[in-house]
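These notes concern the structure reproduced below.
The values are calculated or read from the model by the stated rules, or taken from the named source; none is laboratory data. Fair warning: this is a prediction, and the values are worked out from it, not measured in the lab. Counting neighbours? That spans all protein chains shown, and the Cβs are built from the backbone with ideal geometry, glycine included. Accessible surface areas use protein heavy atoms only, side chains included; no ligands, DNA or RNA. Shrake-Rupley method; radii C 1.70, N 1.55, O 1.52, S 1.80 Å.
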Protein chains: 2
Amino acid sequence: MHAPDPARPASPTSRDRPAVTLREVAQRAGVSMITVSRAINTPQQVSERTRERVQEAVSALGYVPNLVAGGLRSARSHVVTALVPTLTGPLFGGMVQALTDALELRGFQVMVGQVGYAHSREDELLRAIVGRRPDGIVLTGVMHSPEGRRLLMASGIPVVETWDFTDTPIDMLVGLRHEALGAAVCEHLFAKGRRRLALLSGGDERAARRAQGFEAAAMRLGLRPPAMRLGKSPTTHADGRAGLMALLADMPDIDAVFCSSDMLALGVLTEARVRGIAVPQQLAVMGFGDIDFAETVSPALSTVRIDGTRMGQTAAQWIADRAEGKAVAQPVVDIGFSIVERGSS
Amino acid sequence: MHAPDPARPASPTSRDRPAVTLREVAQRAGVSMITVSRAINTPQQVSERTRERVQEAVSALGYVPNLVAGGLRSARSHVVTALVPTLTGPLFGGMVQALTDALELRGFQVMVGQVGYAHSREDELLRAIVGRRPDGIVLTGVMHSPEGRRLLMASGIPVVETWDFTDTPIDMLVGLRHEALGAAVCEHLFAKGRRRLALLSGGDERAARRAQGFEAAAMRLGLRPPAMRLGKSPTTHADGRAGLMALLADMPDIDAVFCSSDMLALGVLTEARVRGIAVPQQLAVMGFGDIDFAETVSPALSTVRIDGTRMGQTAAQWIADRAEGKAVAQPVVDIGFSIVERGSS
DNA sequence: CTGAAAGCGCTTACAG
DNA sequence: CTGAAAGCGCTTACAG
């Protein structure tokens, strides 16, 4: 299906003259280096005539300031690093977007790093990140590795943990209690008359705690133990299909399934349709995350929504405030969750 | 649904002692700074006894080398920046993952930046990125802005454009021809006996060129002009549902729809099912991207697959080679595409 | 409004 | 195997 193109060898040297520096701009403009720096960063401190001459030199030479050098001296990188388990999934995109937008307005650039759910490379990645001295670090989930906690605390860099809750945050925290969420979903299904519950869950820590909360609530309500199937994270549509099959093989009479992600829930919806199981009449299905198309599938997916935008905005404000030397009044916030009832339950 | 937590004011000063530097490690170990540097970066150049003393000091003080300072002096940042239109969509995740994995093995860290499809902030973001002097820049799509092209070419930084094709790349390019792809899909549908084609497309440039190729092929084949509906990017499931409704309102007898993304195609599948239109009997549906669950929806989605992993690996190798001073033999590659035939067509 | 000197924390280049 | 000096490209802190 493809025809390779004729070779066009790229010479590494042809584009490799050294970058233009402040010194060259200063020479061309006939002023000192510090004056060029001011003309660029704090133009109101410089006379109009000087400003114009500097601007001419900047344009003529194509000068792009080396922000790394500036950051080294001023001890302000204007970079904030966000770590997410996966870039592919839909869950964290909204938070990162909000974080990026809010920090950009305050002069920061957000760089995203991918950790994976496995955490094997986490400490190593953390050293690479701390070594670049960002002005803030946003973590997805709480940090458990003692080594990682020590590293971050010792670094002095403002840290925001998100998407989870703990009484011992490294620094700041905006998140939610997943056990409470699981329990609330269970109570919701109970209130809707469901009695024979099932649970389909990915293997990450937050999903596991949602599962615990769900199960505990079922016991409190006097229900029989939920049929459970635990898999791995990230979860897929295929896992959802296979999961419903397995649950039905174990307990054919289940009347509700809580899935640890919307993607799993969509797989369950597909499998139910293929098998002729009526949703929600025979089986209620609930997801987690409120993926953007949960509302437009058919039946529309009931789910639990987390305000990722607010999480991102909160983290942005905290980090920008700290970078400007302001204290954060309330650096631990539980943003909660909301159950979104749609056609599938 | 949520109860705010008791306030726990965070003092910005409590965590703000300055970071440990090489000098302090050197003093504690009783050696010079350069010896500490060697013990960390090229341990084979240092005696075992010295190495041990340095390691003791590093651990005791919790030293994390400042990579920014090192990068400034050595003119090697070991950072590669990738720019994607959106972090939320599924399309670019595989490429970024492959890029990250491959570059990590060669000692680089990948930072991802989000550009959006609008390109309004593109030049500004580019200056912020070039200003940090990464060892490579990976772009999604080809760069058109003359200002952006000039900036990147003048920077001397290795640049790889991806996901598209042009005869005038900035530097290196691994991508595909979207017009050819659109034409191939049209010919495929024709070969399957479809004659009354329709097209549902997002508004980004590559989608527009797939649409052009599709339409041109239809005319060459002597078909009637495809029913077309063009929207915006990123595309959504809801756009797919609304799009099929609109296409049917225009031309009720269409027998095939090519969608510019799998997400649109999934919306079309949902809308078709709700309306009782049999897929693929009455209507063939094809997507683009081979999203991870295209295979497990029902009917399974026919689509076009791009090898994002290979694109990411290729870009990684080129950039790492260039950073090591090697020339890249064939810096322009068309990786093509493959049509994946499943149940929906 | 402008500038000379010092310094951010490392690595390079040279020397022994 | 080890080190003293210089320098990467900026900004800070001081001075006028």
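None of B:LEU173, B:LEU244 is assigned to a strand (DSSP E or B) and surrounded by 20 or more Cβ atoms within 10 Å (Cβ to Cβ) except B:LEU173. On the stretch given as segment B:282-295, residues that are open to solvent by less than 30 Å² (accessible area, probe 1.4 Å) and either at negative phi or more than 22 Å from the chain's Cα centre (by Cα) (or both) total 9. Here B:ARG194, B:ARG220 are screened, and the one residue that is buried (at least 18 other Cβ atoms within 10 Å of the Cβ) and of a type outside the set (Gly, Ala, Ser) is B:ARG194. Would you call A:VAL54 within 16 Å of DNA strand C (Cβ to nearest atom), crowded, with 22+ Cβ neighbours inside 10 Å and not assigned by TED's automatic domain parsing to the domain that holds A:PRO134? For A:VAL54, the condition - within 16 Å of DNA strand C (Cβ to nearest atom), crowded, with 22+ Cβ neighbours inside 10 Å and not assigned by TED's automatic domain parsing to the domain that holds A:PRO134 - is met. Scanning segment A:132-165 for residues that are surrounded by fewer than 20 Cβ atoms within 10 Å (Cβ to Cβ), assigned to a loop (DSSP other than H, G, I, E, B) and within 12 Å of another protein chain (Cβ to nearest Cβ) gives a single hit, A:GLY156. The residue that is nearest to the other protein chains (Cβ to nearest Cβ), among those in segment A:88-125 that are within 28 Å of A:LYS326 (Cα to Cα) and more than 16 Å from the chain's Cα centre (by Cα), is A:GLU104. If the condition is being more than 21 Å from the chain's Cα centre (by Cα), open to solvent by 20 Å² or more (accessible area, probe 1.4 Å) and facing another protein chain (nearest Cβ under 8 Å), then segment B:327-345 contributes B:ALA327, B:ALA329, B:GLN330.
The single condition from (1) under 18 Å from the mean Cα position of the chain (by Cα); (2) facing another protein chain (nearest Cβ under 9 Å); (3) surrounded by fewer than 21 Cβ atoms within 10 Å (Cβ to Cβ) that A:ARG310 fails is (2). Yes or no: segment B:230-239 includes at least one residue that is of a type in the set (Ser, Thr, Tyr), part of a strand (DSSP E or B) and closer than 30 Å to B:ALA98 by Cα. The answer is no, given that none of the residues of segment B:230-239 is of a type in the set (Ser, Thr, Tyr), part of a strand (DSSP E or B) and closer than 30 Å to B:ALA98 by Cα. Scanning segment A:30-51 for residues that are near DNA strand D (Cβ under 8 Å from one of its atoms) and either open to solvent by 40 Å² or more (accessible area, probe 1.4 Å) or at pLDDT below 95 (or both) yields A:MET33, A:ILE34, A:ARG38, A:ILE40, A:ASN41. Is it the case that A:LEU99 is open to solvent by less than 60 Å² (accessible area, probe 1.4 Å), within 30 Å of A:THR236 (Cβ to Cβ) and either within 16 Å of DNA strand D (Cβ to nearest atom) or in a loop (DSSP other than H, G, I, E, B) (or both)? Criteria not met by A:LEU99. Within segment B:242-295, the set of residues being closer than 16 Å to B:LEU230 by Cβ and among the charged types (D, E, K, R) comprises B:ASP250 only.
Among the residues making up segment B:57-79, those that are open to solvent by 60 Å² or more (accessible area, probe 1.4 Å) and near DNA strand C (Cβ under 8 Å from one of its atoms) are B:LEU67, B:LEU72, B:ARG73, B:SER74, B:ALA75, B:ARG76. Apart from one condition, A:ARG273 fits all of (1) within 25 Å of the chain's Cα centre (by Cα); (2) surrounded by fewer than 23 Cβ atoms within 10 Å (Cβ to Cβ); the exception is (1). Under 6 Å between Cβ atoms, which residue pairs at least 6 apart in sequence (or on different chains) link something in segment B:275-291 that is at pLDDT 95 or above with a partner that is among the aromatic types (Phe, Trp, Tyr)? Here the result reads B:MET286/B:PHE258, each pair linking segment B:275-291 to a residue that is among the aromatic types (Phe, Trp, Tyr).
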